[in-house]
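Here the structure comes first, spelled out in structure tokens, and everything after it is commentary.
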2 protein chains.
Amino acid sequence: MSKVLEQAKKAKDASKILKRATTEQKNAFLNALADSLVMNSEKILQQNRRDLGENKDLTTAMRRRLELSAKGLESIAASVRVIAKLPDPVGATISEWIRPDGLQIKKVRSPIGVLVCIFESRPNVIVDVAMLCVKSGNVVIMRGGKEITHSNDILMEIIKESLEKAGLPISAVQQLEDRRYEAVCELVQLDKYIDIVIPRGGEALINNIVKCAKVPVLKHFRGLCHMYIDKDADFQKAVDLAVNAKTSNSATCNSIETILIHKDTAGLVLPKLVNELVKREVEVRGCDKTREIIADENKCKKATEEDWSKEYLDLIVSVKTVDSYEEAVSHIEKYSSGLTDSIVTENKNIAQKFLKDIDSATVLVNASNRLVDGGEFGLGGEIGINTSHIHSRGPMGLEDLTVGKYIVVGEGHIRK
Amino acid sequence: MSKVLEQAKKAKDASKILKRATTEQKNAFLNALADSLVMNSEKILQQNRRDLGENKDLTTAMRRRLELSAKGLESIAASVRVIAKLPDPVGATISEWIRPDGLQIKKVRSPIGVLVCIFESRPNVIVDVAMLCVKSGNVVIMRGGKEITHSNDILMEIIKESLEKAGLPISAVQQLEDRRYEAVCELVQLDKYIDIVIPRGGEALINNIVKCAKVPVLKHFRGLCHMYIDKDADFQKAVDLAVNAKTSNSATCNSIETILIHKDTAGLVLPKLVNELVKREVEVRGCDKTREIIADENKCKKATEEDWSKEYLDLIVSVKTVDSYEEAVSHIEKYSSGLTDSIVTENKNIAQKFLKDIDSATVLVNASNRLVDGGEFGLGGEIGINTSHIHSRGPMGLEDLTVGKYIVVGEGHIRK
């Protein structure tokens, strides 16, 4: 038996136990984990420094993503405690009704089973995934980025100790031991043991997983997100929202890459907006109409056709001046990755129309795309942002890690 | 461009329109379809007779599944009208809340997009799938069984006419034109156009789809269903329920294949139960303990190990006498296909325990497994019974053909 198969079998066995674990047991795990993260702070930071030391060729942005601090660990521990306080989704009623003949039908939440979660970099992810999965009764096999193996190893050690303290099977949270790509591929084919795979990361990674997986893949795809500034937009809101959606953390998938602006408001908004962006070192790439308004080459370079389909994940933004609402919607339909798109407008009818017309996982009105996040939504965290049109789109929290199960109670009811 | 790709592209284009179709338009389609099914009754029956005539080597059971009648068509039309009267799931609120800072978050139902549905035999399925998909705003490409191509062709013609009458794109409901297996395989790889595939049918078919699909597969797997008669079962309910769950239509996936019975009640229940089953021409295969109670070889043959994992889909049942509730649960855990399992008991604690312990898509207490059906549940129909641990388990109706979409409304809310 291969090592991978062995891990999958252990996961399935653990799943049978975890599915039936009480809320108290699961919360005991979370509280033990939170305590342990703070208590072992120095030990964890040491391993994190080891990762950073061994990966000298990282960019500054990357180093920032990987680096842990005592304060950072405290905030991770705090998020674990938040999850402990949230209601247990398992067994919660989704809907219930009684048939005319008295048959009682109820749909309740049950754990999905065994998840595979593949992610890159940031060391908080392993804790986020573990806390969400265990609380929702799911077993998880993870594979994190190679740049932080030491950090992940020590965190996994702490997770296992916490599982043990709570009397839960230590195989409930696993790291894929075999780090070869072939091992991932083998794992996601084991549909007898694995229920779904959630790959977070680059397009190539996701496409490879899709190619070899035999279990459903919930794609956590790239974010090519848009903000459309309507002709009825509030001037100040438009500037503030666009600046926030682009610059508050440009390396994240919910940052915008393209600003669409109605021609009737472009002359008013763009000069101020572009100034604010340039002040924050954003490179602006505009269409011809945009460049008629912002003629300064230092402030606004020429956008090419390729810019509309580029996920920069950096301080770069493309700007297109559109003739109409319809042109904005068509552009978004053509180029959006379906993660999150927003509109800035004071016109309620246009806002409602936009919410219907745009079929992205999250659509916003007068709010920054950067708010699309499990924590910001009040879910206590997220296992990722699902862009597949299945199961549950958008930020996935505890409830999204469950699936309906029918419970039917009769008094001798038969099929006639 | 291949024919398959062409169909997929047309489907995607139609999806953009169907997603935004009004409830009135969708209901207009349904009412036109219901009218047309009745009006063209003779024409449809003629094509159905042609199918039966061309497939002379069918079993009687198979012929019964394929055969349409004027009365049958009327009942299909009636089910279409039921769907027209059900509320439109698209846009319905799943949940909503307001964040402490006033940000409004709402999760609404939106169509999945483009579905592929693969099924065998029964000619009502094409209408069921079309009515459920269109009402829920989904485009569907179907591939039905080869035994009823003429029936399906005429029904598809009527569906397309009805779409046209309602002003909806005729590409919203399609049959895969290329009937080669390779064509299905090509289709389910087109993840740019297709969102999910729902294969209903034999294990080999499903496994083949899983192997080549690049889109998530909602498996509608075989039904190896159990009924456990507890020691606290009501004698008459136990007999009636087991007889109904086995014999009301043994060819369906929600029929039971194995009866588990507690040793303390076996002596009382089995003689009567086996008599009733034998009277209905059921072949009973029992374990050794069962055969000690039913010693007559003509009434109860010897069950082999293989019987516990066999989906008969026929008038055969295996019976196992168990020493305890726990033995019954272990047996179900080991052999159930996860579609539906039931318990007969008057003991409320044991009933509640069973509902938690058994992780099948539907678990029943004192009700026949045969009730696990979209129509019986009041969903107006079903596209199938999902056994994958994702999206929505059990009978899938209108709501289950949607997926959540977040709508966020702020007043200039930014990420801090």
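Read the figures in this text as sums done on the coordinates, not as results from a lab. The structure presented is a predicted model; accordingly, all values stated were derived computationally and were not measured. So basically every Cβ, Gly included, is an ideal-geometry build from the backbone, and we count neighbours across all protein chains shown.
Tabulated values for the structure
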{"quantity": "Other-chain or far-sequence residues with amide H under 5 Å of A:Ile94's (modelled H)", "calculated": "A:Lys107, A:Val108, A:Arg109"}
{"quantity": "Table column - 3J(HN,Hα) (Hz), region A:344-354, Karplus curve with 6.51, -1.76, 1.60, x for Gly and Pro", "calculated": "10, 7, 9, 8, 5, 5, 5, 4, 5, 5, 4"}
{"quantity": "Per-residue Cβ neighbour rank within 10 angstrom, fewest leading, A:Phe119, B:Phe354", "calculated": "A:Phe119, B:Phe354"}
{"quantity": "In order through region A:181-193: 3J(HN,Hα) via Karplus (6.51 cos²θ - 1.76 cosθ + 1.60), integer Hz, x for Gly, Pro", "calculated": "4, 4, 5, 4, 4, 5, 4, 6, 9, 7, 6, 6, 10"}
{"quantity": "Above-threshold pairs, the threshold being 32 Å between Cα atoms, out of A:Lys146/A:Lys246; A:Lys246/B:Lys135; B:Lys3/B:Lys334; A:Lys146/A:Lys405", "calculated": "A:Lys246/B:Lys135; B:Lys3/B:Lys334; A:Lys146/A:Lys405"}
{"quantity": "Dmax and Rg, reported as Rg then Dmax, of region B:177-254 (C-alpha, Å)", "calculated": "19.0, 56"}
{"quantity": "Computed over region A:1-69, Cα set: Rg, Dmax in Å", "calculated": "17.9, 46"}
{"quantity": "Rounded to whole Å, sorted largest first: equivalent-ellipsoid semi-axes of chain A, Cα gyration tensor", "calculated": "40, 28, 19"}
{"quantity": "Per-residue Cβ neighbour rank within 10 angstrom, fewest leading, A:Ser162, B:Ser171", "calculated": "B:Ser171, A:Ser162"}
{"quantity": "DSSP bridge pairs, the protein assembly as shown: antiparallel proportion in percent, nearest 5", "calculated": "25"}
{"quantity": "Cα pair distances in region B:202-310, grouped into 10 Å bins until the bin that holds the longest one, percent each", "calculated": "13, 40, 26, 12, 7, 0"}
{"quantity": "Average beta-carbon neighbours from other chains, 10 Å sphere, peptide B:205-218", "calculated": "3"}
{"quantity": "Degrees between helix A:23-39 axis and first principal axis of chain A (Cα, 0 to 90, nearest 10)", "calculated": "60"}
{"quantity": "Hydrodynamic radius (Kirkwood) for region B:230-274, which is based on Cα pairs only, to one decimal in Å", "calculated": "11.0"}
{"quantity": "Cysteines without a disulfide-compatible partner [chain B; Cβ-Cβ under 4.7 Å]", "calculated": "B:Cys117, B:Cys133, B:Cys225, B:Cys253, B:Cys287, B:Cys300"}
{"quantity": "Cα-Cα pairs of region A:225-377 separated by more than 27 Å (percent)", "calculated": "11"}
{"quantity": "Long-range tail of P(r) for region B:1-137 (Cα pairs > 27 Å, %)", "calculated": "40"}
{"quantity": "Principal axis dimensions, largest first and in whole angstrom, of region A:263-307 by Cα", "calculated": "26, 26, 15"}
{"quantity": "Derived scalar couplings ³J(HN,Hα) [region A:373-386; Karplus, 6.51 cos²θ - 1.76 cosθ + 1.60; whole Hz; x for Gly, Pro]", "calculated": "6, x, x, 5, 6, x, 8, x, x, 8, 8, x, 10, 6"}
{"quantity": "Only Lys, Arg (+1) and Asp, Glu (-1) charged, at Cβ; chain A dipole about Cα centre in debye", "calculated": "1140"}
{"quantity": "Shielding by other protein chains, A:366-377, mean Cβ within 10 Å", "calculated": "5"}
{"quantity": "Region A:142-205 - Debye-derived log10 I(q)/I(0), Cα point model, q = 0.13, 0.23, 0.29 Å⁻¹", "calculated": "-0.44, -1.14, -1.28"}
{"quantity": "B:Ser342 long-range amide H proximity, modeled H, under 5 Å", "calculated": "B:His226, B:Met227, B:Tyr228, B:Leu364"}
{"quantity": "For region A:130-285, with +1 on Lys and Arg beta carbons and -1 on Asp and Glu, the positive-most of A:Val278, A:Thr149, A:Gln175 along the dipole", "calculated": "A:Val278"}
{"quantity": "Amide proton proximity set for B:Met142, modelled H, under 5 Å, gap of 5+", "calculated": "B:Cys117, B:Gln174, B:Gln175, B:Leu176"}
{"quantity": "Helical mean residue ellipticity (222 nm; -39500 (n - 2.57) per DSSP H run of 4+; nearest 500) of chain B", "calculated": "-13000 deg cm²/dmol"}
{"quantity": "Residue order, fewest to most beta carbons within 10 Å, for A:His150, A:His220", "calculated": "A:His150, A:His220"}
{"quantity": "Spatial extent of region B:296-416: Rg and Dmax, with the Cα atoms as the point set, Å", "calculated": "20.3, 80"}
{"quantity": "Among the listed pairs B:Lys237/B:Lys353; A:Lys231/A:Lys302; A:Lys299/B:Lys106; B:Lys106/B:Lys353; A:Lys43/B:Lys107; A:Lys85/B:Lys85, those beyond 30 Å (Cα-Cα)", "calculated": "A:Lys299/B:Lys106; B:Lys106/B:Lys353; A:Lys43/B:Lys107; A:Lys85/B:Lys85"}
{"quantity": "Test item: B:240-246 mean partner chain Cβ contacts at 10 Å", "calculated": "2"}
{"quantity": "Distant alpha-carbon pairs in the protein assembly as shown (separation over 36 angstrom), percent", "calculated": "50"}
